[in-house]
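Here is the structure we will look at, set down as structure tokens.
The values are calculated or read from the model by the stated rules, or taken from the named source; none is laboratory data. Quick caveat, the model's predicted, so the values are computed rather than measured. All Cβ positions, even for glycine, are placed from backbone atoms using ideal geometry, and neighbour counts span all protein chains on display. Ligands, DNA and RNA are excluded from the accessible area calculation, which covers all protein heavy atoms including side chains. Shrake-Rupley method; radii C 1.70, N 1.55, O 1.52, S 1.80 Å.
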Amino acid sequence: QAQLVESGGGLVQAGGSLRLSCAASGRTFSNYAMAWFRQVPGKEREFVAAFSRSSGNTYYGDSVKGRFTISRDYAKNTVYLQMNSLKPEDTAVYYCAARRIFSRSAVDYDYWGQGTQVTVSS
């Protein structure tokens with residue numbers, strides 16, 4: 001059974017950095033678009049970043065552009081999200097997701113991880 005497992009979340013001070021990992025198992029996602037979303041209570045899941053396998057392009061949400069970087073290691077079937085210059089408003093549960101074709105909409109994604117909490121203190 002296909003599974004995505006996030007790790008790397010935690011508590012960090014504003015201005016600090018964290019690297020999230022998303023390990024895929026149960027199937028290969030090498031031909032899939034891989035994305036990161038985040039969610040805070042009472043709000044919809046927000047697009048953070050994605051890597052499109054078909055185009056080789058990366059995409060970012062406006063609020064994280066220039067601070068976050070998505071990358072993937074095909075050999076390890078793992079996707080990473082390097083988060084720098086973190087702000088308190090980056091506090092959220094971060095989710096990894098996969099689908100065949102890139103989309104910025106969370107409802108389009110077929111596979112999801114369980115999420116990892118990121119808390120940025122001021």
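Below is a table of values for the structure above.
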item: Cβ-defined net charge surrounding residue 33, 10 Å radius [Lys, Arg +1; Asp, Glu -1]; result: +2
item: Cα-based Rg and Dmax for the chain, where Dmax is the largest Cα-Cα distance (Å); result: 13.3, 40
item: The stretch 1-73, relative contact order [Cα under 8 Å, separation at least 6], %; result: 21 percent
item: Heavy-atom surface of the chain, accessible at 1.4 Å and reported per residue (Å²); result: 51 Å²
item: Rounded percent of accessible protein surface that carbon and sulfur make up, the chain, 1.4 Å probe; result: 46 percent
item: Among 56, 15, 66, residue whose mean-square fluctuation peaks in a GNM of the chain (springs only between Cα atoms under 10 Å); result: 56
